[in-house]
Amino acid sequence: MIALTIAAAVFICYSLVAARLDKWSITAPMVFVLTGAILGLAAPDWLGPLGEPETVKHIAELTLALLLFADASTLRWRQLREDGGLPIRLLLIGFPLTVLAGFGIGIWLFPAAGWAAAALAASILAPTDAALGLGVFTNRSVPGRIRRALNVESGLNDGMATPLVTLFLAVLVAQEETGPENWVTESVRELGIGFLVALVVGWVSGRLIHAAHDHGWTSPLSERLAVLATALLAYGGAVAADGNGFVAAFVAGIVFAVASRGKLHEPVEFTEDLGLFASFLVWAIFGALLLAPQLSGGVSPTTIIYAVLSLTLVRMVPVAVAMIGTDLRPASRLFMGWFGPRGLASVVFTLIAFESLHEGGLAPDTLIEVAAWTVFLSVIAHGVTARPFATRYGRSVADEPIEQLEAGAHLGDPVPRALTEVESRSDEPA
């Protein structure tokens with residue numbers, strides 16, 4: 001209870017000055033990571049029962065499952081086809097290339113770790129987190145189509161990374177325990193079960209809640225709780241069936257949105273808020289369990305090189321390749337490449353890998369070291385630069401018609417000056 005008491009007190013203090021801290025580019029992840037790290041250095045056992053491996057794993061998994069479901073069920077899927085296909089390019093070209101680039105530098109810098117460890121690290125650090133760069137998404141000088149593309153990418157690439165992390169984690173454990181011949185079958189089976197559970201839970205629950213809503217049988221509170229229960233049922237049902245709970249939560253969110261015809265956005269916000277609240281605890285646990293040992297020990301130059309490359313070239317080059325043919329200005333490609341923060345998904349995946357590999361008798365020191373430093377540097381660097389970089393970038397492209405295209409337009413369409421001005425003043429959510 002001591003850990004929860006401390007976390008609650010820190011959260012209240014943060015809430016009282018959140019707006020002021022935001023003006024100083026101090027984000028919630030910064031506050032909770034540093035709190036966890038400081039307490040981890042001063043009192044390594046401050047987490048108490050929350051620091052137990054099985055407890056950490058459950059908290060991290062449930063948090064990610066809730067956020068995956070919420071992201072998938074509230075996302076405006078038509079945006080994938082709009083904005084000149086920018087989100088699709090980031091997801092289908094940029095994301096795979098980012099994983100491959102991360103794999104390449106992992107093999108280059110840590111050859112002794114093996115290909116599976118390099119692939120796992122690359123998959124863990126590929127997904128982005130819009131929450132670490134809120135200054136970008138709240139700054140209306142940044143073109144709406146750029147904000148939307150980064151937001152959609154962040155909402156979906158967690159789900160895309162999930163099967164990869166599951167796969168390569170299974171490879172590492174299998175190489176130690178049962179040999180490499182079983183991991184393919186086992187991974188495919190888990191993903192398949194998760195997908196099937198998601199289809200059933202997402203569709204049935206979505207249709208039932210939608211029908212009850214139309215008949216006036218529900219209340220706002222019951223709808224919020226029903227959506228939360230749907231996310232938990234999808235995740236828990238898949239895990240109980242020995243399937244992949246993350247895939248189930250993500251796919252169930254997609255199916256739920258379709259089945260409910262997108263009419264339950266507001267109730268879903270409760271699940272998203274609950275996941276966000278839990279994420280603050282996860283950030284503190286990350287700081288205490290993974291970051292504090294790195295700060296107290298020696299820092300490997302090779303690890304820092306990996307982290308810096310992961311946040312720059314490994315992300316920026318694939319984004320630049322993905323944007324070939326869009327006619328976006330170099331400033332836009334550079335801006336989109338830089339704002340790919342590594343956040344909560346990477347933290348959760350790292351915590352899960354940490355516990356799973358230890359259970360398998362492995363010592364994932366190198367993997368944890370590179371993941372911890374990459375995420376920590378991202379929290380600081382992207383948090384500090386979000387607001388000033390967004391303002392400077394927005395001014396530099398204010399008169400560029402390609403960047404200011406309205407949603408749904410094609411890259412080759414001319415954009416009247418009036419529409420450009422309207423878009424730049426638009427209050428449409430990111």
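The values are calculated or read from the model by the stated rules, or taken from the named source; none is laboratory data. Given the structure is predicted, the values throughout are model-derived calculations rather than measurements. Note: ideal-geometry Cβ built from the backbone for every residue, glycine included; neighbour counts use all protein chains shown.
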TODO: Could you tell me which of the residues 299, 370 is farther than 28 Å from residue 245 by Cβ and of a type outside the set (Lys, Arg)?
DONE: 299
Task: Filter result (under 18 Å from residue 128 (Cα atoms) and among the β-branched types (Val, Ile, Thr)) within segment 329-367 - done: 347, 348, 350, 352
- [ ] Would you mind telling me which numbered condition in (1) closer than 16 Å to residue 168 by Cα; (2) touching a Phe, Trp or Tyr at 6+ places or on another chain (Cβ under 6 Å) residue 347 fails?
- [x] (1)
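Quick grid of which residues meet (1) more than 20 Å from residue 275 (Cβ to Cβ); (2) of a type in the set (Lys, Arg); (3) modelled with pLDDT of 90 or more; (4) crowded, with 24+ Cβ neighbours inside 10 Å:
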| residue | (1), (2), (3), (4) |
| --- | --- |
| 346 | no, no, yes, yes |
| 358 | yes, no, no, no |
| 362 | yes, no, no, no |
| 366 | yes, no, no, no |
| 370 | yes, no, yes, yes |
| 377 | yes, no, yes, no |
| 382 | yes, no, yes, yes |
- [ ] Would you please name the residue that is nearest to residue 376 (Cα to Cα), looking only at residues in segment 322-350 that are assigned to a helix (DSSP H, G or I) and of a type in the set (Gly, Ala, Ser)?
- [x] 346
Task: Selection count where residues are assigned to a helix (DSSP H, G or I) and surrounded by fewer than 20 Cβ atoms within 10 Å (Cβ to Cβ), scope segment 240-254 - done: 1
Open item on the list: Where the second residue is part of a helix (DSSP H, G or I) and charged (D, E, K, R) and the first is within 16 Å of residue 61 (Cβ to Cβ) and at pLDDT 90 or above and lies in segment 237-262, which pairs have Cβ atoms under 7 Å and are six or more apart or on separate chains?
Closed with: 253/71
Open item on the list: Filter segment 280-303 down to the residues that are part of a helix (DSSP H, G or I), among the polar types (S, T, N, Q) and either touching a His at 6+ places or on another chain (Cβ under 8 Å) or modelled with pLDDT under 90 (or both) and list them by number.
Closed with: 294, 296
Open item on the list: Of everything in segment 17-59, what is in a loop (DSSP other than H, G, I, E, B) and not polar (S, T, N, Q)? Give them in sequence order.
Closed with: 17, 24, 26, 43, 44, 45, 46, 47, 52
